[in-house]
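**Q** Starting off with a structure, shown below.
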Amino acid sequence: MFRNKVLLVNTILIIGMAMFFSPNIAQAQDNPVAGTTLENLMTAFNGESNANARYLAFAKKADEEGYAGVASLFRAAARAEQVHFEHHTAAIRELGAEPKATIETPVVKSTLENLQAAIDGETYESTKMYPAFLKQAKKDKNKTAITSFEYAEEAEAVHARWYKQAKKEIDKWKTKRQFEVCPKCGNVVDFISGPSCPICFEDTKKFITVT
Ligand SMILES: [Fe+2]
Ligand SMILES: [Fe+2]
């Protein structure tokens, strides 16, 4: 009888704890908890390096499936992610550390699914991850990290918009396209409309053409 009571109390306790903690767990997964600025730079470096590898694999798949325009977009975004991880590298070295990435084998599905995966990744980075990292960098008054996170946050939002557009009208993306990538912030445009980048004010003559 006593044992049954203990068991019952334990069960109630476990259920109660699960109910109490589960929303917090979900929230933690949804909202990245920023570490130190150095840790955040390392996380961002790893993320950008993997995004670069993933987009190059997605580009190959898009070419195989006959979506040459989507392949061009993936290559342009891959180049932009390189801009980001190089900028993060500079910020990491300023703090006396060396960047290190663990490149995972990209999960390549159909081009339509790859576009959705790209939208999800860019949206997470631009609306959750980088805002959290930026807040911490501002607290730490780390100027290089602030700039690096700001540029990445804004450029990832642009990438997300491109991917959404491509997914929506995928049949119009069967021929090769030309993109211009800002070498300073990773912005991606399909034509140059002014003398400077609208995000970072880099001279548009320095933009990198990717097809
Ligand atoms: Fe991106
Ligand atoms: Fe830029």
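Bear in mind these aren't lab numbers, they're just calculated from the coordinates by the rules spelled out. Small disclaimer: the values here were computed from a predicted structure and weren't measured. Positions of Cβ are backbone-derived with ideal geometry, glycine not excepted, and every protein chain shown enters the neighbour counts.
**Q** Within the stretch 164-174, can one find any residue that is outside any helix (DSSP H, G or I) and either in contact (Cβ under 8 Å) with a residue 60 or more places away in the chain or closer than 27 Å to T43 by Cβ (or both)? I'd like the intermediate steps shown before the answer.
**A** Keep residues of the stretch 164-174 that are outside any helix (DSSP H, G or I), which gives 169, 173-174.
Filter once more, keeping what is either in contact (Cβ under 8 Å) with a residue 60 or more places away in the chain or closer than 27 Å to T43 by Cβ (or both): 173-174.
Yes.
**Q** Here is a further query. Sort out which residues of the stretch 135-156 are without any contact (Cβ under 8 Å) to a residue 24 or more places away in the chain, in a helix (DSSP H, G or I) and either surrounded by fewer than 18 Cβ atoms within 10 Å (Cβ to Cβ) or within 16 Å of ligand 1 (Cβ to nearest atom) (or both), and write them in order of number.
**A** Going residue by residue through the stretch 135-156, those that are without any contact (Cβ under 8 Å) to a residue 24 or more places away in the chain are 138-139, 141, 143, 146, 150.
Applying the additional criterion that residues be in a helix (DSSP H, G or I) yields 138-139, 143, 146, 150.
Those that are without any contact (Cβ under 8 Å) to a residue 24 or more places away in the chain, in a helix (DSSP H, G or I) and either surrounded by fewer than 18 Cβ atoms within 10 Å (Cβ to Cβ) or within 16 Å of ligand 1 (Cβ to nearest atom) (or both): K138, K139, K143, E150.
**Q** Now, a different point. Out of the residues in the stretch 163-206 that are near ligand 2 (Cβ under 9 Å from one of its atoms), closer than 28 Å to Y124 by Cβ and over 21 Å from the mean Cα position of the chain (by Cα), state the one that is surrounded by the most Cβ atoms within 10 Å (Cβ to Cβ).
**A** E202
**Q** Which of (1) on the phi < 0 side of the Ramachandran plot; (2) more than 11 Å from ligand 1 (Cβ to nearest atom) is the odd one out, the single condition F201 does not satisfy?
**A** (1)
**Q** Out of all the residues in the stretch 76-100, which are touching a Leu at 6+ places or on another chain (Cβ under 7 Å) and part of a helix (DSSP H, G or I)? Even if it seems obvious, please write down each step before you answer.
**A** If we filter the stretch 76-100 for residues that are touching a Leu at 6+ places or on another chain (Cβ under 7 Å), which is where we start, we get 78, 88, 91-92, 95, 97.
Those that are touching a Leu at 6+ places or on another chain (Cβ under 7 Å) and part of a helix (DSSP H, G or I): A78, H88, A91, I92.
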